[in-house]
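See structure below.
The values are calculated or read from the model by the stated rules, or taken from the named source; none is laboratory data. Please read all numbers here as calculations on a predicted model, not as lab measurements. With ideal geometry, Cβ positions are generated from the backbone for all residues, glycine too; neighbour counts draw on all protein chains shown.
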Amino acid sequence: MIEKFYEALNTFNGTTLPIAFADVEFEFLADTSYPNLCVKHYEYGLITPLIGRTVATITEIHLALRMGCKVKIHDAFVVETGEMYLFKDHLKGLIDARNEAKKKGDELRQQMYKLIVNTLYGKISQGINSKSKFDLRAEDTKSFGTSPITQPFIASMITGTLRTGLSAILVAMDELNKEGHDYIPISATTDGLLYKVSSKTNVKFSDCLKSEYKSNVKESLIKGGNVFGVFADVDPILYNKLLEFPVIRLLQSSRQSWGYDEFLEIKHAVNKVLNIKTRGQIGAYNEK
């Protein structure tokens, strides 16, 4: 099985995603800024040390090797899936409905569809780890079992692939900084991050906006929502760098299979920010 894993690892280019894991011993270079292989800590949850041993997905190991990490594989597991794309049609319907609600400014409906999409992953991972939740019907806290679609392999590939995608953005910034840029990640979690754009891009706040809002920044700030332009146009230096990473191309092709070209979105933009904690940000716009 280790030979099959190496074969899948060597041919991984972002066109398909094999369900593959390996038990690895690893050691990153001492100057690695963003090690990406997670180890479970009894007190702090998942941490990313320079040295350790863990079970990781093929995407995580592929990115680690790009960073020069030494990896020793003790065991591996590969699932033969062919061209399987689970829940594709179902998810496309939900994503289409959410985007339609966004266009109409129906915040309640778009949040509802977002919750349903996220719930699908929740049902895939339900019961893998024992957790207690409050049951409204029983009016009591109880432990929930597995769902009809619980599947640990798929759940792990989902979380591992998204972690790799986020790590790839951090690594891309680090590689660009070694070429003379000055990108600064401020916080990153789950599937998004806040960062300072490199001064070499010469991006102003208005450059982040759609053409109809560029002449009236105040209106865009009041309106909020979908006022931002296409990420590839706003920060082409980082965007083009990201496309070097197979996991990013995989995420791009996944969106394209639903009929959407944009897979990286600008959610907010400010020219001053106070970072309190990972999910605590206070942004401000100063007109210059």
*Hey, among SER187, SER220, which residue is among the polar types (S, T, N, Q), surrounded by 16 or more Cβ atoms within 10 Å (Cβ to Cβ) and under 19 Å from the mean Cα position of the chain (by Cα)?*
SER187
_One residue is enough: does region 232-240 have a residue meeting the conditions free of Cβ contacts under 8 Å to residues at least 24 places away in the same chain, within 19 Å of the chain's Cα centre (by Cα) and closer than 30 Å to TYR121 by Cα?_
yes
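Take LEU65 and decide whether it is touching a strand residue (DSSP E or B) at 6+ places or on another chain (Cβ under 9 Å), under 30 Å from LEU115 (Cα atoms) and either part of a loop (DSSP other than H, G, I, E, B) or of a type in the set (A, V, I, L, M, F, W, C) (or both). Before you say what the answer is, go through the steps one by one.
Numbers: touching a strand residue (DSSP E or B) at 6+ places or on another chain (Cβ under 9 Å): yes; under 30 Å from LEU115 (Cα atoms): no; either part of a loop (DSSP other than H, G, I, E, B) or of a type in the set (A, V, I, L, M, F, W, C) (or both): yes.
The answer is no for LEU65.
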_Suppose the filter is surrounded by 18 or more Cβ atoms within 10 Å (Cβ to Cβ), among the aliphatic types (A, V, I, L, M), farther than 30 Å from PHE228 by Cβ and modelled with pLDDT of 90 or more; does ILE73 pass it?_
no
*Looking at this structure, is ARG98 within 25 Å of THR189 (Cα to Cα), surrounded by 14 or more Cβ atoms within 10 Å (Cβ to Cβ) and at pLDDT below 95?*
yes
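Applying the selection to region 116-132, what residues are of a type outside the set (S, T, N, Q) and either closer than 27 Å to HIS90 by Cα or surrounded by 15 or more Cβ atoms within 10 Å (Cβ to Cβ) (or both)?
If the condition is that a residue be of a type outside the set (S, T, N, Q) and either closer than 27 Å to HIS90 by Cα or surrounded by 15 or more Cβ atoms within 10 Å (Cβ to Cβ) (or both), then ILE116, VAL117, LEU120, TYR121, GLY122, LYS123, ILE124, GLY127, ILE128 are the ones that fit.
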*asked:* What's the total number of residues in region 203-225 that are at pLDDT below 85 and aliphatic (A, V, I, L, M)?
replied: 3
*Hey, VAL79 hits all of (1) in contact with a strand residue (DSSP E or B) (Cβ under 6 Å, 6 or more places away or on another chain); (2) modelled with pLDDT of 90 or more but one; which does it fall short on?*
(2)
*Looking at ILE95, ILE116, which one is without any contact (Cβ under 8 Å) to a residue 40 or more places away in the chain and assigned to a helix (DSSP H, G or I)?*
ILE116
*If you go through region 40-60 one residue at a time, how many are at pLDDT 95 or above, under 21 Å from the mean Cα position of the chain (by Cα) and assigned to a strand (DSSP E or B)?*
4
*What's the number of the condition LYS104 fails, among (1) more than 30 Å from LEU46 (Cα to Cα); (2) surrounded by 17 or more Cβ atoms within 10 Å (Cβ to Cβ)?*
(2)
*asked:* GLU175 - would you say it is free of Cβ contacts under 8 Å to residues at least 40 places away in the same chain and either surrounded by 16 or more Cβ atoms within 10 Å (Cβ to Cβ) or among the acidic types (Asp, Glu) (or both)?
replied: no
*Within region 10-46, restricting attention to residues that are within 26 Å of SER253 (Cα to Cα) and small (Gly, Ala, Ser), which residue is surrounded by the fewest Cβ atoms within 10 Å (Cβ to Cβ)?*
GLY14
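Scan region 258-288 for residues that are surrounded by 12 or more Cβ atoms within 10 Å (Cβ to Cβ) and in a loop (DSSP other than H, G, I, E, B) and jot them down.
We begin by selecting, within region 258-288, every residue surrounded by 12 or more Cβ atoms within 10 Å (Cβ to Cβ); these are 258, 260, 262-264, 266, 268-271, 273, 275, 278, 281, 283, 285.
Those that are surrounded by 12 or more Cβ atoms within 10 Å (Cβ to Cβ) and in a loop (DSSP other than H, G, I, E, B): TRP258, TYR260, GLU262, PHE263, LEU264, ILE266, HIS268, ALA269, VAL270, ASN271, THR278, TYR285.
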*Would you mind telling me which numbered condition in (1) surrounded by fewer than 12 Cβ atoms within 10 Å (Cβ to Cβ); (2) modelled with pLDDT of 85 or more GLU139 fails?*
(2)
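Let's see how each residue does on (1) under 30 Å from LEU29 (Cα atoms); (2) in the same structural domain as LEU29 (by TED's automatic domain parsing); (3) among the β-branched types (Val, Ile, Thr); (4) touching a residue at least 12 places away in the same chain (Cβ under 8 Å):
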position	(1), (2), (3), (4)
MET112	no, no, no, no
GLY122	no, no, no, no
ILE128	no, no, yes, yes
GLN151	no, no, no, yes
LEU170	yes, no, no, yes
*Which numbered condition trips up GLU244, out of (1) in a helix (DSSP H, G or I); (2) touching a residue at least 24 places away in the same chain (Cβ under 8 Å); (3) of a type in the set (D, E, K, R)?*
(1)
